[in-house]
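**Q** So that we are looking at the same thing, I have put the structure below in structure tokens.
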């Protein structure tokens, strides 16, 4: 193979690899990206059922209820404008408590409630997830 | 006084970085023509000592910061915000880099020390390229000095000084913090050396085997640190977060994985350049990409624009500063690459079936994985710009990276069995026969013994067995005592990949989990273990109190006790859970104590994770292999007789 041809082949391969990676990534993103919902989004339009999504907001005060099985909790996520009931089985993170920010990973059920597989509360108690901060700010300004 | 001295050292170091850049640029320009005056040579001669002094000054500044933390000097804002007088000494020291300003100072210090190390140790590189390299290193340092001094001064004073500090995030109060960030930063910033080498070589148009041989040990060194840092970080997150997972595809993790992927590709392509004088442009490109990924990673972690489970010190207002640096350096390097790469001669060619081709395949697959991880990590940012909030997590990465990584494993098994320059497909087939049979046997065995195993885990287990055999095959029939150390290094690193892969596949396929609210005296069965909650009691630590679950662990006739805790820290007020992990040769029992529930019961989460330790053992093997390789290369370079013989062999 002539040097020039080899260089062209290699460049071609590299371009193909980049395009292939981008194509694969973007097509997989269509199906796998977990959209983020705030309670007021859910109130506006019905969320997709049974697709991995995230729900974020503040844990409503007085809403955490322990279920009889001892490992399941039910609570309400709010962003000031709307509320969504959430159920979670597992050990809640250390910083999960009422009146603080939480991001729940899981799925919506047909009745509009949310089943969380995982709860994220931040390491830092002063922290609020950026998505939650953004959405709360919006809902405060739009619907005072 | 100490804080002021540290700040002064930083300013001085910044001034020296400027001097280093200007001296290198002017010196190279003035000595380019034959009729150069003496001034140019003097400027060039100044570059090395300046680089050394600059490195020492940054180290002095970091030392000053550590000292004010050790003394808990609360009149320094950073200490007041991140430390506490009642904290154990190790964490006082570690708190110096457990925050934004301190970690950026550590970054700059490693950068300065890397420049000093080049100036002191690098003997093989062409002198002009070396000067250009140090100029490049100074250019990077300048930007980060500016960032540190203008936007995040670690030595800012607080007046009046508070009576007590706010304390360090309890999750960071772990020996891991003392070692993990420095290790990772040595890796991240060590790649700046490869970047500067690439800049230097582009400036002097000197891309060839000599350049590659000079660059290789630096890349290896940075890569070893990165490997260790990622492995240790994964284990740290595993036991500290208490979620039972070892990799979350979190932006901060991806930020360390991306430079590693690029550095791994670079490590292999630089070998092609050093041994066969091929892949010149590609290697230079990868060197630029590798450090660019380090900077992208720093940007993602420092700016806090992505939600992460690990981000511990973020300040969004500084994101734009790092973004500007990022655009400046990556854009500048790519422009230089575009302008100069046409003048780099084409290197040696090779056949489609050859070691070189195998390494090209390795590079392509690594680049594809890098591209996917990059897109997946940045996609939420792009979506955010379009006012859509989303996150990209394990389902995406496992689905896309998983299959390609398995392809890479196949390439990895075959690559070292190929000959340089030209090989025969049927000969390769014969050499691959045993690994292929082992893979098939393992595949059937898993299918029979554990039907219902997921496809990725199944292939992972089978391929890890095949790869384990293939990776030691290069030693087959050789005199082991005469085998060069770097060949051992390659074998051990590749074996480490097999070991790690086996651990990942086993963990994802065979983990057993139990989630209960257990009363005192109740027994749970998880995997081969029987775990009995004997009681719950309060305990007191140096700066925390805790609820501790005392549990009896039985396996056959063996019996031991574990005590997972829920800790409460007063400063800042936080709870953490300390998982209890029991290790056996065939896996780990992982127990987390949760909240109290009704009737005096306690939430417990127990996992049996077969062979999970192989994940980190494999990571350690990969790093050890790298270290052997590095020592072997340096040792051989020191013996000129050997080198002459090598040259003959190549000719």
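The values are calculated or read from the model by the stated rules, or taken from the named source; none is laboratory data. This is a predicted model, so every value here is computed, not measured. Ideal geometry is used to build each Cβ from the backbone, glycine not excepted, and the neighbour counts take in all protein chains shown.
**Q** If you go through region B:495-524, how many residues are within 30 Å of residue B:409 (Cα to Cα) and more than 12 Å from chain A (Cβ to nearest Cβ)?
**A** Filtering region B:495-524 for residues within 30 Å of residue B:409 (Cα to Cα) gives B:495-513.
Now restrict to residues that are more than 12 Å from chain A (Cβ to nearest Cβ): B:495-512.
So the count comes out to 18.
**Q** Those residues that are under 15 Å from residue A:78 (Cβ atoms) and either crowded, with 17+ Cβ neighbours inside 10 Å or in contact (Cβ under 8 Å) with a residue 40 or more places away in the chain (or both), I need them from region A:45-63; list them, please.
**A** First pass over region A:45-63, keeping only residues under 15 Å from residue A:78 (Cβ atoms): A:55-63.
Hits for region A:45-63 are A:55, A:56, A:57, A:58, A:59, A:60, A:63.
**Q** So for region B:481-504 (the condition being farther than 30 Å from residue B:434 by Cβ and part of a loop (DSSP other than H, G, I, E, B)), does at least one residue qualify?
**A** Initially, region B:481-504 is screened for residues farther than 30 Å from residue B:434 by Cβ, giving none.
There is no residue in region B:481-504 that is farther than 30 Å from residue B:434 by Cβ and part of a loop (DSSP other than H, G, I, E, B).
**Q** Those residues that are more than 7 Å from chain B (Cβ to nearest Cβ) and either under 18 Å from residue B:361 (Cα atoms) or surrounded by 15 or more Cβ atoms within 10 Å (Cβ to Cβ) (or both), I need them from region A:15-25; list them, please. Give the derivation first.
**A** Applying the first criterion (more than 7 Å from chain B (Cβ to nearest Cβ)) to region A:15-25 yields A:15-16, A:19, A:23.
Result: A:15, A:16, A:19.
**Q** Could you list all residues from region A:89-117 that are within 11 Å of another protein chain (Cβ to nearest Cβ) and under 30 Å from residue B:570 (Cβ atoms)?
**A** A:90, A:91, A:92, A:93, A:94, A:95, A:96, A:97, A:101, A:103
**Q** Among the residues of region A:92-123, which ones are crowded, with 19+ Cβ neighbours inside 10 Å and under 14 Å from residue A:60 (Cβ atoms)?
**A** The answer is A:96, A:101, A:102, A:104, A:114.
**Q** Give the residues of region A:82-91 that are modelled with pLDDT under 90 and buried (at least 20 other Cβ atoms within 10 Å of the Cβ), sorted by residue number.
**A** Listed by number, the list holds a single entry, A:91.
**Q** If you don't mind, there's one more thing I want to ask. Search region A:45-59 for residues being more than 7 Å from chain B (Cβ to nearest Cβ) and within 13 Å of residue A:104 (Cβ to Cβ), and hand back the single one that is modelled with the lowest pLDDT. Walk me through it before giving the result.
**A** First pass over region A:45-59, keeping only residues more than 7 Å from chain B (Cβ to nearest Cβ): A:45-51, A:53, A:55-59.
Cutting the leftovers down to within 13 Å of residue A:104 (Cβ to Cβ) gives us A:47, A:53, A:55-59.
Working: A:47: 83, A:53: 88, A:55: 88, A:56: 86, A:57: 86, A:58: 86, A:59: 89.
Across region A:45-59, the extreme among qualifying residues is A:47.
**Q** Return the residue satisfying two criteria in turn: it lies in region B:555-566 and is under 34 Å from the mean Cα position of the chain (by Cα) and not in a strand (DSSP E or B), and of such residues it is surrounded by the fewest Cβ atoms within 10 Å (Cβ to Cβ). Show your work before the answer.
**A** Initial filter on region B:555-566 (under 34 Å from the mean Cα position of the chain (by Cα)): B:562-566.
Okay, now just the ones that are also not in a strand (DSSP E or B), so B:563-564.
On the way: B:563: 17, B:564: 25.
Looking at the filtered set, the residue picked out is B:563.
**Q** Given the structure, is residue B:330 modelled with pLDDT of 90 or more and surrounded by fewer than 19 Cβ atoms within 10 Å (Cβ to Cβ)?
**A** On the way: modelled with pLDDT of 90 or more: yes; surrounded by fewer than 19 Cβ atoms within 10 Å (Cβ to Cβ): yes.
So residue B:330 passes the test.
**Q** Considering only residues that are at pLDDT below 90 and either under 19 Å from residue B:583 (Cβ atoms) or assigned to a loop (DSSP other than H, G, I, E, B) (or both), which ones fall in region B:528-554?
**A** B:541, B:542, B:543
**Q** In region A:38-72, what count of residues is obtained for those that are in a helix (DSSP H, G or I) and either in contact with a strand residue (DSSP E or B) (Cβ under 8 Å, 6 or more places away or on another chain) or not assigned by the TED database to the domain that holds residue A:96 (or both)? Let's see the steps before the verdict.
**A** At the first step, the residues of region A:38-72 found to be in a helix (DSSP H, G or I) are A:39-44.
Those still in the list that are either in contact with a strand residue (DSSP E or B) (Cβ under 8 Å, 6 or more places away or on another chain) or not assigned by the TED database to the domain that holds residue A:96 (or both) too: A:39, A:42.
Summing the residues that are in a helix (DSSP H, G or I) and either in contact with a strand residue (DSSP E or B) (Cβ under 8 Å, 6 or more places away or on another chain) or not assigned by the TED database to the domain that holds residue A:96 (or both) in region A:38-72 gives 2.
**Q** Taking into account only those residues within region B:595-616 that are within 8 Å of chain A (Cβ to nearest Cβ) and modelled with pLDDT of 85 or more, which is surrounded by the fewest Cβ atoms within 10 Å (Cβ to Cβ)?
**A** Checked region B:595-616; the qualifying residue surrounded by the fewest Cβ atoms within 10 Å (Cβ to Cβ) is B:601.
**Q** Now a separate question. Restricting attention to helices (runs of 4 or more DSSP H) lying wholly within region B:349-441, give those where 2 or more residues are at the interface with chain A (Cβ under 8 Å from one of its Cβ atoms) and farther than 18 Å from residue B:460 by Cβ. If you could, list the steps in order and put the result at the bottom.
**A** Details: elements: B:355-385, B:394-414, B:425-431.
Of the helices (runs of 4 or more DSSP H) lying wholly inside region B:349-441, those with at least 2 residues that are at the interface with chain A (Cβ under 8 Å from one of its Cβ atoms) and farther than 18 Å from residue B:460 by Cβ span B:355-385.
**Q** Please state which of the following conditions residue B:32 fails to meet, knowing it meets all the rest: (1) assigned to a loop (DSSP other than H, G, I, E, B); (2) in contact with a helix residue (DSSP H, G or I) (Cβ under 6 Å, 6 or more places away or on another chain).
**A** (2)
Residue-wise test of (1) within 16 Å of residue B:322 (Cβ to Cβ); (2) away from chain A (no Cβ under 12 Å); (3) in a helix (DSSP H, G or I); (4) free of Cβ contacts under 8 Å to residues at least 12 places away in the same chain.
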{"residue": "B:245", "(1), (2), (3), (4)": "no, no, no, yes"}
{"residue": "B:255", "(1), (2), (3), (4)": "yes, yes, yes, no"}
{"residue": "B:278", "(1), (2), (3), (4)": "no, no, no, no"}
{"residue": "B:282", "(1), (2), (3), (4)": "no, no, yes, no"}
{"residue": "B:290", "(1), (2), (3), (4)": "no, yes, yes, no"}
{"residue": "B:294", "(1), (2), (3), (4)": "yes, yes, yes, no"}
{"residue": "B:302", "(1), (2), (3), (4)": "yes, yes, yes, no"}
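**Q** Let me ask you something else. Looking for something within 14 Å of another protein chain (Cβ to nearest Cβ), assigned to a strand (DSSP E or B), modelled with pLDDT of 90 or more and closer than 30 Å to residue B:447 by Cα - is there at least one such residue anywhere in region B:569-582? Talk me through it step by step, then tell me what you get.
**A** Let us first name the residues in region B:569-582 that are within 14 Å of another protein chain (Cβ to nearest Cβ), namely B:569-580.
Filter again for assigned to a strand (DSSP E or B), leaving B:569, B:574-578, B:580.
Restricting the remaining residues to those that are modelled with pLDDT of 90 or more gives B:580.
Keeping just the survivors that are closer than 30 Å to residue B:447 by Cα gives none.
No, every residue in region B:569-582 fails to be within 14 Å of another protein chain (Cβ to nearest Cβ), assigned to a strand (DSSP E or B), modelled with pLDDT of 90 or more and closer than 30 Å to residue B:447 by Cα.
**Q** Just checking, how many residues over region B:337-355 are under 25 Å from residue B:292 (Cβ atoms) and within 27 Å of the chain's Cα centre (by Cα)?
**A** Looking only at that region, the number is 1.
**Q** For region B:418-437, which positions are surrounded by 14 or more Cβ atoms within 10 Å (Cβ to Cβ) and either in contact with a strand residue (DSSP E or B) (Cβ under 8 Å, 6 or more places away or on another chain) or more than 19 Å from residue B:352 (Cβ to Cβ) (or both)?
**A** Those that are surrounded by 14 or more Cβ atoms within 10 Å (Cβ to Cβ) and either in contact with a strand residue (DSSP E or B) (Cβ under 8 Å, 6 or more places away or on another chain) or more than 19 Å from residue B:352 (Cβ to Cβ) (or both): B:434, B:435, B:436.
**Q** Within region A:37-44, identify whether any single residue is within 7 Å of chain B (Cβ to nearest Cβ), in contact (Cβ under 8 Å) with a residue 60 or more places away in the chain and under 14 Å from the mean Cα position of the chain (by Cα), and answer yes or no. Steps first, answer last, please.
**A** So in region A:37-44, the residues within 7 Å of chain B (Cβ to nearest Cβ) come out as none.
No, every residue in region A:37-44 fails to be within 7 Å of chain B (Cβ to nearest Cβ), in contact (Cβ under 8 Å) with a residue 60 or more places away in the chain and under 14 Å from the mean Cα position of the chain (by Cα).
**Q** So which of B:142, B:177, B:184 ends up being more than 25 Å from residue B:17 (Cα to Cα), assigned to a helix (DSSP H, G or I) and touching a residue at least 24 places away in the same chain (Cβ under 8 Å)? Show your work before the answer.
**A** Working: B:142 fails: more than 25 Å from residue B:17 (Cα to Cα); B:184 fails: more than 25 Å from residue B:17 (Cα to Cα).
Answer to the selection: B:177.
**Q** From (1) in a helix (DSSP H, G or I); (2) closer than 30 Å to residue B:277 by Cβ, pick out the condition that doesn't hold for residue B:206.
**A** The single condition residue B:206 does not satisfy is (1).
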